[in-house]
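The values are calculated or read from the model by the stated rules, or taken from the named source; none is laboratory data. Note that the structure is predicted; figures quoted are calculated from it, not measured. Every residue, glycine as well, gets a Cβ built from its backbone with ideal geometry; the counts of neighbours run over all protein chains shown. With ligands, DNA and RNA removed, areas are computed over all heavy atoms of the protein, side chains included. Shrake-Rupley method; radii C 1.70, N 1.55, O 1.52, S 1.80 Å.
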Amino acid sequence: MLRKIINAPQDFVDESIDGILLAHPDKLRAADAERRAIVRADAGTSNRVGIVTGGGSGHLPLFLGYVGRGLASGVAVGNVFSSPSPEQIHAATIASDDGAGVLYLYGNYGGDVYTFDLAADLSSADGVPTATVVGTDDILSAPTEKAATRRGVAGLFFAYKTAGASAERGDDLETVTEIAQRTVDRTRTMGVGLSPTILPAAGEPTFTLDEGEMEVGIGIHGEPGHHRGPLETADEITDRFMGELVKELPLTTGTKVAVLVNGLGSTPLEELYLIYRRVHRTLIERGVEIAHTFVGEYATSLEMAGASVSICHLDDELSDLISQPADSPFFTHGSPAGNASPRETTSAPTAPTDASKRTEREIETVQEPGPLREALVDVATRLPAHNDELRELDAALGDGDLGITVASGANAVREALAALPAGASSREVLRAAGTAFASANPSTFAALIGGATLAAASAAVSEEIEPLTLVEKIQERVAQRGGAEVGDKTVLDAIDAIRASLAETPSADPVERARAAREAVSAVVTDYADKHSMRGRAAWVGERSIGRKDPGQVAALRFLDDLIEHLEARLARS
C-alpha cells in the first residue's frame, strides 16, 4: 500500500509549490504563469548578480529551499526527479537579473545540463549574460580521473552559501562564478542508503534492499552505489566515509573545513549526530580545524532512509563567506538585516514586481514573412504519427521515450507557432519552435534538437534563409552540446548527410533538394545499422546495438518524409 499524504499524484509538485508560496509570500514569489519558476521576493533588484538553480522535485530543501537572502535568487522546479524546462529556467533568469548577469548553479545531471544550456541560449538572446557551475561532489559516482562527470549532491549547499554571500556583497559575475567553482572543487561527499524512495506517480520503490542491508554510494535518485552489504554501526559507516574522503581532501594538521552531515529524508536527527560525533573525532585526531558545522536535512530523496557526509576544504575567504548571514524559508544562518524572522510570515499577497514582468518580450515581425512557419506547422502536425516506430526503435537501444519526445515536442511546436503573431519573423519562428520542442518532454534528444534550432535562429537574419546555413548551425550546436562526432552512429550523422546533400545539390527547387537529402539520410540509416553505437544511451548496450537502426537518425528521416509531403502539397496548390 502506498503510504503518502498526497492528493492526485500528478498534482503533487504543483500543490507542494502552492503550499510553499502561500506559507512564505514575504520571501518567495512565482516568476512564471506555471509557478515553476520561483524567485526570492527582492530578486532582480540592487544590481546584484543573480544565482539561479534548479532540478527535480523530491529533494527539499534542495533546490527550492536555497532561494533566499545570501543564497540563490531563483529556481526552476521540475517534476519529481525530472529536469525543469528551459523556459522555466529562463523565466527565473530574467526575473533574477538586474543588469549584473546570472550564475547557473546546479547538480551535474545530464538532463539538467542540457536544459540549463538551452536557457542560457534564450537568456543570451535577451541580453542577459550567464555563467555556469555544476556540483560534482559525489565521489563514488565516478573515479578521480573522471571527477568532472560526478553527480552533485548535498555538498552543493556549500556553493550556494559562498556564491550567495559573494553576490550579496556586490561581487561581479566573474567573481561569483570563481567562488562557486572554487567551492565545488574543494567539496566531497559520501553517502549511504538504507531504504528506497517511492515516487508519487509510480507508487513503486526506486530500488530494493533486503532486510538489514545498506548500500554505500547510492545516488539521491536511487542510482546504484559502490558497496552493498549488511548494515553496519554508525561508527563503521562513518569510518567508510572518512576513509574515502581523506583520499581526496588534504585533511591534515592545520587544514580548515566545513562539515555537513545530511539526512536523506527519514533518518532521525539523533542518528545524524552519531555520524557527526565520529566525523568530529576523526578530524580532530588528524589536526583539522572544523570551522563550520551543519547537521540536518539539506538534500533529501523523499522518504529515503540514509545519510551523507560532505566536507569542504576551506581557505580564509570561503570560510568568511560561509559565515555570512543567509535566510530562506528552509534555512536560516545568522540574522540578515531587515529580514523577518524565519518563522514569521504574512498573509499579504505578493504583488508582481517589474522584474517578473520583464519575462515578456516583443516579438519581431516583418512585412512579408517567409514560408518557414507554414512548413514547420504542417510537419509538426504529421510527426506524431511516427510515435510507435520511434518508441520501438528507442526501446531496443535507449529508454524508449523518443516516440513521445518527438510527438509531444511536435505538438508543442505547432501550438507555439500558432500563438505567434501573423507577421512573426523566421527568427522568431525558429526560436519559438526550438523552445517548445525542448520544453515539451525534457530529455537529451529534445534538448539537443531544441537547442540546435535556437542556434539556427541566430542565423535567420532575413526571410530568405539558405537552408544550408541553418543546417550548418544545427550540426555545429548538436556536436558541441552532445559531444558526438560524425561516425558515432547518432542523429549527428543524419544531420551531416543533410548538410552534405544541400551543399552538393545544384538545384534550387526545394522539393528536389529535400528528396536528395532524404536519400542521403536513408543511406545513413541503412549503413549505420550494422555499426556499433558510440555515444549516448545506445552505446551502453554494447554489441547489441549492431544490427539496429539508430532512433535519432530515423527521426531525422521521418522529418524529411513529412517535409517532402508538405512541399509537394504546396507545389500542387500553386
Highest to lowest packing among 415-422, 184-191, 21-28, scored as the average C-beta count within 10 Å: 184-191, 21-28, 415-422
Using unit Cβ charges (K, R positive; D, E negative) and no other charged atoms, how large, in debye to the nearest 20, is the dipole of region 433-574 about its Cα centre? 560
Residue-normalised accessible area of the chain, expressed per residue, 1.4 Å probe, Å²: 42
Distance from the Cα centre of region 1-33 to that of region 136-162, in angstrom? 28
Could you work out the helix-only [θ] at 222 nm for the chain, with each DSSP H run of four or more residues adding -39,500 (n - 2.57) and the total divided by the number of residues, to the nearest 500 deg cm²/dmol? -14000 deg cm²/dmol
Could you state the angle between the C-alpha long axis of helix 426-440 and the longest principal axis of the C-alpha atoms of the chain, as a value from 0 to 90 degrees rounded to the nearest 10? 50
Per-pair calculated FRET efficiency, R0 = 35 Å: Ala500 and Asp126 via Cβ, rounded to 0.05: 0.55
Charge dipole (region 110-186, unit charges on Cβ, about Cα centre) - positive-most of Val176, Ala142, Thr132: Ala142
Using mean Cβ contacts within 10 Å as the protection proxy, how do 211-224, 451-464, 63-76 order, highest first? 63-76, 451-464, 211-224
Magnitude of the charge dipole, the chain, Cβ model with Lys/Arg +1 and Asp/Glu -1, debye to 20: 480
Run the quick spin-label model on Asp235 and Glu512: label points 7 Å from Cα toward the beta carbon, then report their separation in nm to one decimal. 8.4
Identify the residues of region 161-184 with backbone N under 18 Å of a label point that sits 7 angstrom from the Cα of Ala147 along the Cα-to-Cβ direction, or state none. 178-184
Carbon/sulfur fraction of accessible area - region 142-214, other protein chains in place, 1.4 Å, %: 51
Take the alpha carbon atoms of region 370-522, find their radius of gyration, then divide it by 2.2 N^0.38 Å using N residues; give the quotient. 1.01
Considering only Ala440, Ala424, Asn411, whose Cα is most displaced toward the positive end of the charge dipole of region 365-449, charges sitting on Cβ of Lys, Arg (+1) and Asp, Glu (-1)? Ala424
Using per-residue counts of other Cβ atoms within 10 Å, averaged over each peptide, order 373-381, 6-14 from highest down. 373-381, 6-14
Just from the alpha-carbon atoms, what are the Rg and Dmax of the chain in angstroms? 25.1, 85
At 7 Å along Cα-to-Cβ for each site, give me the label-to-label distance between Arg573 and Gln480 in nm. 3.6
Looking only at Cα atoms, what is the convex hull volume of region 112-230 per residue, in Å³? 138
Simple spin-label estimate for Asp527/Glu204, 7 Å along Cα→Cβ, in nm, reads 4.1
In whole percent, how big is the carbon plus sulfur part of the accessible area of region 422-574, probe 1.4 Å, protein atoms only? 51
Projected onto the charge dipole of the chain (unit charges on the beta-carbon of Lys, Arg, Asp and Glu, signs +1, +1, -1, -1), the Cα from Thr526, Leu28, Ala500 with the largest positive-side position is that of Leu28
Rounded to the nearest Å, what's the spacing between the alpha carbon centres of region 434-465 and region 35-87? Just the number, please. 24
Could you give the dipole magnitude of region 1-69 about its Cα centre, charging the beta-carbon of Lys and Arg +1 and that of Asp and Glu -1, in debye to the nearest 20? 280
